[in-house]
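Just so you know, all these numbers are worked out from the coordinates, no wet-lab data involved. Since this is a predicted model, take the numbers as computed values, not measurements. Please note: Cβ atoms are built from the backbone with ideal geometry, for glycine as well, and neighbour counts cover all protein chains shown.
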Amino acid sequence: MKKVLAFLLSMLATPLLADDCIKYKKNPSVYLDVPKYTVTIEQPDTELDLSLHGNVAASMIIGNSISADVVFIKKGFCVSVERVDLDFGYNDFKVQIDKNYEEGSCAYDAVMMHEQKHINAYLSVMDDFKADLQKAAFTAADSIMPVFIKTKSEINNVIEKFNDDFQNHPDLLLVKQKILAEQEIRNNKIDQDEDGAELMKCFE
């Protein structure tokens with residue numbers, strides 16, 4: 001009977017200690033950093049099967065790291081989200097141009113000019129969604145409640161759980177979906193609006 005009673009008391013104590021942590025909840029700070037990007041140009045050995053004889057691939061980054069605040073209380077520690085650092089942008093644009101167009105030629109420059117419009121479209125999406133992403137990130141971080149742990153060895157596991165909860169928050173997932181959709185819309189519009197006339201002039 002004593003063992004059962006001790007177990008019940010333990011079960012009751014844990015929620016109480018977790019509740020004690022609520023008063024240590026932080027108003028999380030969210031910082032957004034835009035990484036520097038590079039543009040690399042290559043001319044593959046195989047011919048490009050594209051109407052404008054070029055292509056651009058963008059490597060988008062949406063990453064985060066969470067810093068936690070740890071407070072000692074009776075019988076353990078309270079861990080809460082203190083800060084979120086966001087990385088949002090592109091680290092590389094890889095431009096492919098048909099191997100038949102020599103660098104500096106009219107056709108090469110025409111294709112590059114077209115692909116630069118796609119790069120600009122990607123960058124404009126990033127600029128337009130910075131505020132929305134930061135707002136969603138704050139909502140996600142602010143929704144994470146402090147956690148009670150008994151030993152400091154549990155901190156890393158808690159932060160990992162914080163990261164999972166943060167990344168899967170509905171507001172953040174929705175903004176990411178909107179960013180991907182807008183990228184496609186703007187890039188499709190560029191291809192629809194251009195009929196390759198500038199490139200064709202090079203062969204007149």
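Taking 0.36 nm per intervening residue step and subtracting the Cα-Cα distance, what contour gain separates Glu198 from Glu160 on full extension?
8.5 nm
With a 10 Å radius around each residue's Cβ, average the other Cβ atoms per peptide and rank 165-173, 188-196, highest first.
Those peptides, ordered most packed to least, come out 165-173, 188-196.
Please rank Cys78, Cys106, fewest neighbouring Cβ atoms within 10 Å first, as an exposure proxy.
Result, fewest neighbours first: Cys106, Cys78.
Calculate, for Ile73 and Met113, the FRET efficiency according to 1/(1 + (r/R0)^6) with r their C-beta to C-beta distance and R0 41 Å; round to the nearest 0.05.
0.10
Between Glu82 and Tyr24, what length in nm is gained on full extension when 0.36 nm per residue of separation is reduced by their alpha carbon distance?
19.8 nm is the gain from fully extending Glu82 to Tyr24.
Taking Cα atoms, how many degrees apart are the long axis of helix 170-193 and the longest axis of the chain, rounded to 10 and kept between 0 and 90?
0 degrees
Using a simple spin-label model with points 7 Å from Cα along the Cα→Cβ vector, what separation in nm is obtained for Lys152 and Thr38?
Going by the 7 Å Cα→Cβ label model, 4.0 nm.
Amide H of Asp92: which non-local residues (sequence gap of 5 or more, or other chain) have their own amide H closer than 5 Å, using H built in the peptide plane?
Thr38, Ser59
Helix 106-142 versus the longest principal axis of the chain: what angle, 0 to 90°, nearest 10, using Cα atoms?
Tilt of helix 106-142: around 10 degrees.
For the ranges 122-133, 138-149, what's the packing order if you count other beta-carbon atoms within 10 Å of each residue, average per peptide, and put the highest first?
Ranked from most to least packed, the peptides come out as 138-149, 122-133.
Please figure out what share of the DSSP beta bridges in the range 2-201 is antiparallel and state it in percent, rounded to the nearest 5.
70 percent
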